[in-house]
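Read through the structure below, which is laid out as structure tokens, and then see the notes.
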Amino acid sequence: MTDTATTTAGAPPRPLRWWKEVLFGAAVYAVYSFVRNQFGSAGGDPGPAFEHAREIIDLQDAIGLYFEADLQRWYLDLPADGLIRLWNVFYGLAHFVVTFVALVWLFRRDPVRYPQWRNTLALTTCVAVVGFAAYSLMPPRLLDDPGEFGACQLYAPDAVVGWQPGEPHPTACDRYGYVDTVARYGGWISFGNEGMKDVSNQYAAMPSMHIGWSTWSALVLVPLVRRRWAKALAAAYPVVTLVCILVTGNHYWIDGLGGLACLAVGYALARAMTGRLRAPASART
């Protein structure tokens, strides 16, 4: 078993200061949020994001794996609407709460692993910004939305004339068969609300950081927890998150692959960077 007083390279780990970690995390997330929200819906044109959504749908359909609309429809037909409001809350909260708990727990329990996995999270998040900037993507929940960020204004412009938020959607806006579950069932802040739409990129769907962060959390937590049921719960967290992002209409399944790709790149970069920083000066020379 590795001694927590030394790193795998044999060099003593640098002392960790919680306030430095807080400042570092806050800085990374502030830059991520700022840059992320400069693209996509900030431009005011839903056209490119809608065309990218059509490309994703065509790709998934071509390989026989376009099922998101059918899955959501089936799920919402379950008794009590499948308790979809709980999924809306889960989507809005777990993404941040579980990741934060995993990071703090790792900081306290395993200072040897902490630098690499902290850097992995930071770099994964930074890599995701490149995806948001390069490929704005309209999420499924907006494909049948007649609002300013929705696709209905593009494929049925006459139907949305005079439509006001809060009114039933025009029937011409039911082309894709999706429901914005937060708008219809409630449960968490809607990204289309007046207080959120100006500070949130509506088209930041590719890659899915819900999948990237949840998988990161699982990789961090599984070695930390001891009981089998806790390990199983941690390992299942990304799968549960995948179900959540699909039934709530927030992502296509292929967005999850994008999140995993970002995590893989972030891990590789963090492994190289952290290993070099840990190496003794003579070895670096």
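The values are calculated or read from the model by the stated rules, or taken from the named source; none is laboratory data. Because the structure is a prediction, the values reported are computed rather than measured. Note that we place each Cβ from the backbone using ideal geometry, even for glycine, and neighbour counts take in every protein chain shown.
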- Query: In this structure, is Gly162 part of a loop (DSSP other than H, G, I, E, B) and on the phi > 0 side of the Ramachandran plot?
  - Reply: yes
- Item | Which listed residue, of Gly131, Gly166, Gly150, is small (Gly, Ala, Ser) and modelled with pLDDT under 90 | Gly166
- Query: Out of all the residues in segment 90-105, which are surrounded by fewer than 16 Cβ atoms within 10 Å (Cβ to Cβ) and among the aliphatic types (A, V, I, L, M)?
  - Reply: Leu93, Val97, Val101, Val104
- Could you say whether any residue in segment 249-267 is in contact (Cβ under 8 Å) with a residue 40 or more places away in the chain, farther than 23 Å from Val112 by Cβ, touching a Lys or Arg at 6+ places or on another chain (Cβ under 7 Å) and surrounded by 14 or more Cβ atoms within 10 Å (Cβ to Cβ)? yes
- Only one of Phe107, Phe34, Phe39, Phe100 is touching a Ser or Thr at 6+ places or on another chain (Cβ under 8 Å) and at pLDDT below 95; which? Phe39
- Query: Are there any helices (runs of 4 or more DSSP H) wholly within segment 35-141 with 2 or more residues that are farther than 16 Å from Leu246 by Cβ, and if so which?
  - Reply: 47-62, 84-109, 114-134
- Being free of Cβ contacts under 8 Å to residues at least 40 places away in the same chain and within 16 Å of Val222 (Cα to Cα) is the filter here, so list the residues in segment 80-100 that pass it. Phe100
